[in-house]
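The values are calculated or read from the model by the stated rules, or taken from the named source; none is laboratory data. Fair warning: this is a prediction, and the values are worked out from it, not measured in the lab. Every residue, glycine among them, receives a Cβ derived from its backbone with ideal geometry; neighbour counts consider all protein chains shown. All accessible areas refer to the heavy atoms of the entire protein, side chains included, with ligands and DNA or RNA removed. Shrake-Rupley method; radii C 1.70, N 1.55, O 1.52, S 1.80 Å.
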Amino acid sequence: MEDEEAEEQQRFSYQQRLKAAVHCSVGCLCKEVASDFGGDFLTVRNFAKDLEMFARHAERSTINTDDVKLLARRSNSLLKNITEKSEAIAQFTLEQMAKKKKKFKNGNKDSREPAEAGVVESENQTQLLGKEVFSR
């Protein structure tokens, strides 16, 4: 009986130490993220809420690059950097689609008819170009 109580007390103590360690780690991560943004945790939390509201206003459940650009509109340098990265990602995506399309044309051994294949490729391209960067 005493062994069970001692074991239970030891488990409880371990859980408390684990909770404290997780709390400390999360706090340090939040401070690190906040320092990267040049603000405090409240600023980061407000950014997250704003991004969520932008997506919700557009009747979407996910946040995309347009929402991030809208958030960064007051900082010209940040907006420029985000726009450059977004364009680079879009260019890379288009290049990958062109490679896939070329590969598909060279090895057209698919059972689908060419017109049907074009529709599927068009849908994939639309999905990749409208790819959401962040999700809730």
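Worth a mention:
- Checklist (1) at pLDDT 90 or above; (2) assigned to a loop (DSSP other than H, G, I, E, B) applied to residue 56, failing item: (2)
- Scoring residue 111 on the criteria (1) open to solvent by less than 100 Å² (accessible area, probe 1.4 Å); (2) at pLDDT below 85 leaves a single failure, condition (1).
- Looking across 135, 122, one residue alone is among the small types (Gly, Ala, Ser) and either modelled with pLDDT of 85 or more or closer than 30 Å to residue 50 by Cα (or both). It is 135.
- Filter result for residue 77 (of a type in the set (S, T, N, Q), at pLDDT below 85 and assigned to a loop (DSSP other than H, G, I, E, B)): no
- Among the residues of the range 61-84, those identified as in contact (Cβ under 8 Å) with a residue 12 or more places away in the chain, surrounded by fewer than 16 Cβ atoms within 10 Å (Cβ to Cβ) and either under 15 Å from the mean Cα position of the chain (by Cα) or under 29 Å from residue 27 (Cβ atoms) (or both) are 61, 62, 69.
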